[in-house]
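Single-structure report; data block below.
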Amino acid sequence: MNNLQYKLNNVMTELQTWFTLNNLVVNVESTLAMSFHTTQNKKPVIWHVIFEGRDIPYNTETKFLGIYINENMKWNNHIKFLSSKLNKTYYMISSLKNLMSPYVLRTMYFACFHVHLRYGLTLWHGDPESIRILRLRKKVLRIICKAGRHISCRNIFKDLNILPLLCLYINEAVCCVESNMEMIKYEYNEKVHDHCKRQKSDLHTQICRTTLFKNSSANVVIKLYDKLPKTIKWLEHIQEFKRRLKWFYCNTFSIQWKNICPLRFHYYSIVFYYYAHFICSI
């Protein structure tokens, strides 16, 4: 315990020196500390964080770069905040549905709704509370197309050329991996072990001891990226990668009962995404 506290004090001293050398000033009064732990850990160890001779207070939740983060890595509070923000856009589009054309309403959707929806999507999408955002988004799209409240949105997504929430999540996840490939330095399976397998050219996923890390974005995004066809993963330019990726979402194959038949669709489940990968690889 004392050794860990000693290392923490050294790290804080090095940080203070680095800020001083780079002419940066830290507002200590607005600085908070947070101890990340699972919900099963009811009494986590609280270390003394000292910066510039002051004790940094601990907090269970904070807002960082527009995203609410809590000590258990749950996103229900951020989803409530996002839902409140998106409801304002929903009311605006609903009020203008009889005055504007669907083209103008679609433009308003991308300007006022979609931009907030994409921000931090890879972090909070797996939370069970994200169903609130999914339902609210479908309401907005039904208003744009002047469809009834019980009409399925499957064809609406295709008509408006808008990806469902799951497709959008997969798109953000794999594009994040592709864009940061050189900076993060992902490991490949062939460099971790010498086994000659079909997955040797895939990115290596870490061993997960907890469900929290297994479902975390850091682990899931690698699995989603590995399921892409090699013809897409080997593309060098990020713009071409994104273009081919959207085509892959809309023009892949799906398994229907026991027969393999072409079907133009958007992914509504991770299972469909894995099916498409399976068919493209045979």
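Candidates Leu99, Leu82, Leu117, Leu86: the one that is touching a helix residue (DSSP H, G or I) at 6+ places or on another chain (Cβ under 6 Å) and either modelled with pLDDT of 90 or more or surrounded by fewer than 19 Cβ atoms within 10 Å (Cβ to Cβ) (or both) is Leu86.
Residue by residue, here is whether (1) among the hydrophobic types (A, V, I, L, M, F, W, C); (2) without any contact (Cβ under 8 Å) to a residue 24 or more places away in the chain; (3) assigned to a loop (DSSP other than H, G, I, E, B) holds:
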{"site": "Gln16", "(1), (2), (3)": "no, no, no"}
{"site": "Asn23", "(1), (2), (3)": "no, yes, yes"}
{"site": "Val26", "(1), (2), (3)": "yes, no, yes"}
{"site": "Thr62", "(1), (2), (3)": "no, no, no"}
{"site": "Asn77", "(1), (2), (3)": "no, yes, no"}
{"site": "Leu82", "(1), (2), (3)": "yes, no, no"}
{"site": "Tyr90", "(1), (2), (3)": "no, no, no"}
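All told, Gln40 meets the bar of being more than 22 Å from Val115 (Cα to Cα) and free of Cβ contacts under 8 Å to residues at least 12 places away in the same chain. Scoring Thr31 on the criteria (1) over 30 Å from Leu121 (Cβ atoms); (2) surrounded by 12 or more Cβ atoms within 10 Å (Cβ to Cβ) leaves a single failure, condition (1). For the stretch 129-158, filtering for residues that are within 25 Å of Asn70 (Cβ to Cβ) and either among the acidic types (Asp, Glu) or in contact (Cβ under 8 Å) with a residue 24 or more places away in the chain (or both) leaves 7.
Just the residues that are β-branched (Val, Ile, Thr) and not in a helix (DSSP H, G or I), please, taken from the stretch 118-153. If the condition is that a residue be β-branched (Val, Ile, Thr) and not in a helix (DSSP H, G or I), then Ile151 is the only one that fits.
Taking the criterion of being modelled with pLDDT of 90 or more and aliphatic (A, V, I, L, M), the residues of the stretch 135-161 that qualify are Leu136, Val140, Leu141, Ile143, Ile144. Within the stretch 62-79, not a single residue is among the hydroxyl-bearing types (Ser, Thr, Tyr), surrounded by 11 or more Cβ atoms within 10 Å (Cβ to Cβ), over 19 Å from Thr122 (Cβ atoms) and modelled with pLDDT under 85.
Of the residues making up the stretch 194-225, those that are at pLDDT 75 or above and in contact with a strand residue (DSSP E or B) (Cβ under 9 Å, 6 or more places away or on another chain) are Ile222, Lys223, Tyr225.
Number of residues in the stretch 121-164 that are under 19 Å from Met108 (Cβ atoms) and not basic (Lys, Arg): the value is 16.
The values are calculated or read from the model by the stated rules, or taken from the named source; none is laboratory data. Just so we're clear, the structure is a prediction, and the values are computed from it rather than from any experiment. So basically every Cβ, Gly included, is an ideal-geometry build from the backbone, and we count neighbours across all protein chains shown.
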